[in-house]
1. Report every pair of residues separated by at least 6 positions or lying on different chains whose Cβ atoms are under 8 Å apart, first residue within segment 39-59 and on the phi < 0 side of the Ramachandran plot and buried (at least 19 other Cβ atoms within 10 Å of the Cβ), second polar (S, T, N, Q) and assigned to a helix (DSSP H, G or I).
2. Pairs needed: first member in segment 154-178, over 15 Å from Asp109 (Cα atoms); second member anywhere, in a loop (DSSP other than H, G, I, E, B); C-beta distance under 7 Å; at least 6 residues apart or different chains.
3. Quick check on this structure: which one of Thr171, Thr93 is farther than 30 Å from Val24 by Cα and either modelled with pLDDT under 90 or outside the structural domain of Val23 (by TED's automatic domain parsing) (or both)?
4. Taking segment 144-192 as the search range and keeping residues that are of a type in the set (Ser, Thr, Tyr), in a loop (DSSP other than H, G, I, E, B) and more than 39 Å from the chain's Cα centre (by Cα), which one is surrounded by the most Cβ atoms within 10 Å (Cβ to Cβ)?
5. I'd like the full set of residues that are surrounded by 11 or more Cβ atoms within 10 Å (Cβ to Cβ) and not in a helix (DSSP H, G or I), limited to segment 124-143.
6. For residues that are within 11 Å of Val23 (Cβ to Cβ) and hydroxyl-bearing (Ser, Thr, Tyr), scanning just segment 60-86, find the one that is surrounded by the fewest Cβ atoms within 10 Å (Cβ to Cβ).
7. Could you check Leu38 against (1) of a type outside the set (Ser, Thr, Tyr); (2) touching a strand residue (DSSP E or B) at 6+ places or on another chain (Cβ under 8 Å); (3) outside any helix (DSSP H, G or I) and say which number it fails?
8. From the list Leu83, Leu121, exactly one residue is in the same structural domain as Val30 (by TED's automatic domain parsing), aliphatic (A, V, I, L, M), part of a helix (DSSP H, G or I) and modelled with pLDDT of 85 or more. Which is it?
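The values are calculated or read from the model by the stated rules, or taken from the named source; none is laboratory data. Here the structure is a predicted model, which means the values were calculated and not measured. All Cβ positions, glycine included, derive from the backbone under ideal geometry; neighbour counts span all protein chains shown.
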Amino acid sequence: MTKIRSGGFDRRLLEGLGILSSVVKAGSFVAAGESLGLTQSAVSRAIARLEHRIGVRLFQRTARSISLTDEGSRFYEAVAPHLSAIADATVETGNSSKKVRGRLRVNVDAGTGHFLLTPNLQPFLAKYPELSLELMARDRMGDLVREGFDVAIRFGIPEPSSLKARLLMRTRIVTCASPAYVAPPRNAPPPS
């Protein structure tokens, strides 16, 4: 059994394993280099470093061909499933950053929640079905971090804070009343 020399894990080992996989799949250092965007000599040096690191010769090299040694074949068979798992995990994690999912806790004032958010919740949740939304209507923001909120939505100019604030929309306030509401009472004395 091959033992990797002590000295801790470094990224060059993982890179070497990726190059090993490319060489095995491509069948030559030249073809592996082309698929990786490396020169043949860069691929050859990476394989030599990997062989030195693990302490065995992985390939039989001739002027016209390469082939895995017995140790190289056993080593590759042992690491190939792990390389595939790393590649799969990388793709899945990369894709998950594009997905909107998980729990979103929102601290919102009652008016904004009722008039702006609530009418738009169904289309929003339909667009992001893997998202769980928790809306908390509060008069004050409080300590968002300590209370576990992801975001707060407020109307008006924000108070000074170390939190980041972004303008979501501009609106204006119009005060309206019927003429009867603003008319002075019938028995009221005239204004002085």
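1. Taking only residues 6 or more apart or on different chains, the pairs are Val43/Ser22.
2. Partner pairs satisfying both residue conditions: Leu163/Leu144; Ala165/Pro158.
3. Sole residue among the options that is farther than 30 Å from Val24 by Cα and either modelled with pLDDT under 90 or outside the structural domain of Val23 (by TED's automatic domain parsing) (or both): Thr171.
4. For segment 144-192, the residue satisfying everything is Ser178.
5. Of everything in segment 124-143, those that are surrounded by 11 or more Cβ atoms within 10 Å (Cβ to Cβ) and not in a helix (DSSP H, G or I) turn out to be Tyr128, Leu131, Ser132, Leu133, Glu134, Leu135, Met136, Ala137, Arg138, Met141, Gly142.
6. Ser67
7. Condition (2) is where Leu38 drops out.
8. The conditions single out Leu83.
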